[in-house]
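Just below is one structure, and these are the notes that go with it.
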Amino acid sequence: MKKLFLFVLLATAIFSCKKSNENWQQAASNPEFLRRTQLQLTESIIHDIFAPPVSSRIYMYSALAAYEALAAGNSNYQSMVGQLKGFKKVAKPEAGKEYCYPVAAVHAYLTIGKSLTFAQEVYVDFEKKLEQDYKATGIPSDVYERSIAFGDSIAASIMNYSKGDNYKQTRGFRYTVTQKKGTWVPTPPAYIDAAEPYWSKIRPTTLDTSSQFMPPKPYEYDMAKGSKYYDMVMDVYNTINNLTEEQRNIANFWDCNPFKMNITGHAMFATKKVSPGGHWMAIVTQTSRQLKADIYQTSEAYLLTSMAVFDGFISCWDEKYRSVKVRPETVINEVVDKNWQPVLQTPPFPEYPSGHSVISGAAEVALSSVLGNNVAFADSSEMQYGLPVRNFKSYKDAAEEASISRLYGGIHFRPALDLGLEQGRKVGNWVITKVKTRKK
């Protein structure tokens, strides 16, 4: 009887262990692991105060790493090797070995994010909790370690790819202000130097050239009453002077200024916020969760959106530093009203076209291609900055509001918004046409 009892006890223990572990693959494939990691990367980017174009680069390579790790284990998805400019090689898993590809993907995403950001201490507690939560799924230790190692290999491949994008070569160069009438000059309150004047030299993921979707030439400076330029200036001036509470709310919601300078007397301090690209990545996180997208579709949405935003910034910055157009604040203070101030702080780069408009148009198209054209959602991205949730009927609706917000903020002229949005949509359509994620 005693032996029988021990046998039953042992059998029960084995059965219980098997039962508790049999769904570990599904548990470890929870897309919330990836979403949590994306949000952690955003917090790191905010902490380090990267310029919007630089942030887009971090998001894109991180998303690419996660996607490549997942594609290696899912026959429905195909690698970006041979599809992205200069992307020729990526690590592969060892044949005949068991992996948890979602674990590898999240680890690869995090590894790239850590490699491209500075403050490593912000990841310590996050990584510990992430590991604990993975192990709580019951994943076998050998599979976990092997998957982490594969994630490291993928990350090494992506870091090697990133070294050829001309980023390092464009560091440290400054823009020389010309003082020519109608061209950009630094703006108050901090008069910061021009941000990323050589970003058009960065290798895009899909564009043939940075000038491929060059917008129409902007209006020439002409403050004669009745000229198109004069009417454009007065449009901004009158809009701000008659701004409604709802328009002010829209401006503030889409501010996305990663480095706002606050000056009180002799004191100066910065307020750090999410970048425009970070806001759109947060929208991917929110709506993929809302739609119950699995980790593969969530990763696909991160990839295509981040690629569109990355190429969008390159396309936008190409024109910004070609036409080098002055900001509304400068013109209005010089010619119309020396005491006038915009609602938002003017960013440190030329006016035309609007960066937020370009990247929002690009993101709208890319995200819609994965998650659908008519996804209504409540955007809570800005709640951490004390701003209420805003509701949108679709990604298109959100992109158009993001674009017009720059007029309500007093930092862009209307043509920069309308033509920028059109330019961004062209970039987005180009990305989803050039790149194929699904094999079927």
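For segment 355-440, dividing the convex hull volume of the Cα atoms by the residue count gives 102 Å³ per residue. Length, then width, then depth: along the principal axes, the Cα atoms of segment 173-258 run 42, 34, 29 Å. Rounded, prolate or oblate: pick one for segment 90-129, where a ≥ b ≥ c are the square roots of the eigenvalues of its C-alpha gyration tensor, a/c under 1.5 means rounded, and failing that, prolate if a/b is larger than b/c, else oblate. Here segment 90-129 falls in the oblate category.
Working ranking of peptides 55-64, 25-34, 135-144, 350-359 by packing, defined as the average number of other Cβ atoms within 10 Å per residue, highest first, is 350-359, 55-64, 25-34, 135-144. To the nearest ten degrees, helix 52-71 and the longest principal axis of the Cα atoms of the chain are 20 degrees apart.
On the principal axes of its alpha carbon atoms, the chain extends 103, 43, 42 Å, with the longest extent given first. Using the alpha-carbon centroid of each, what span in Å lies between segment 186-245 and segment 295-316? If you average the Cα positions of each part, the centres end up 24 Å apart. Computed over segment 141-182, the range of Cα coordinates on each principal axis works out to 66, 17, 14 Å, biggest value leading.
For the chain, what is the calculated [θ] at 222 nm in deg cm²/dmol (nearest 500), taking -39500 (n - 2.57) for each run of four or more DSSP H residues and dividing by its residue count?
-17500 deg cm²/dmol
Just to confirm a number: summing +1 for Lys and Arg and -1 for Asp and Glu over residues other than I240 whose beta-carbon lies under 11 angstrom from that of I240, what do you get? Result for the neighbourhood of I240: -2.
May I ask you to list the GluC sites (Glu not before Pro) in segment 61-166 that are in a DSSP loop and have at most 12 other Cβ atoms within 10 Å of their Cβ?
Passing both the DSSP loop test and the Cβ count: E94, E98.
Hey, how much of the P(r) for segment 254-358 falls beyond 20 Å, as a percent of Cα pairs? So the portion of pairs separated by more than 20 Å is 56 percent. Evaluating 6.51 cos²θ - 1.76 cosθ + 1.60 at θ = phi - 60° for every residue in segment 283-292, the Karplus couplings come out as 5, 4, 4, 5, 7, 5, 5, 4, 8, 6 Hz, glycine and proline recorded as x.
Solvent-accessible surface of the chain, averaged per residue with a 1.4 angstrom probe and all protein chains in place: 45 square angstrom.
Between the amide H of K325 and those of W184, E351, Y352, distances stay under 5 Å, these residues lying 5 or more places away or on another chain, with hydrogens modeled in the peptide plane. Across all C-alpha atoms in segment 291-404, the radius of gyration and Dmax reach 17.1, 55 Å. In this structure, the amide hydrogen of F87, modeled 1.01 Å from its nitrogen in the peptide plane, lies closer than 5 angstrom to those of G82, counting only residues at least 5 positions away or on a different chain.
The values are calculated or read from the model by the stated rules, or taken from the named source; none is laboratory data. Not measured: the values here are computed from a predicted model. For neighbour counting, all protein chains shown are included, and Cβ atoms are generated from backbone atoms with ideal geometry for every residue, glycine included. Side chains included, ligands, DNA and RNA excluded: accessible areas come from the protein's heavy atoms. Shrake-Rupley method; radii C 1.70, N 1.55, O 1.52, S 1.80 Å.
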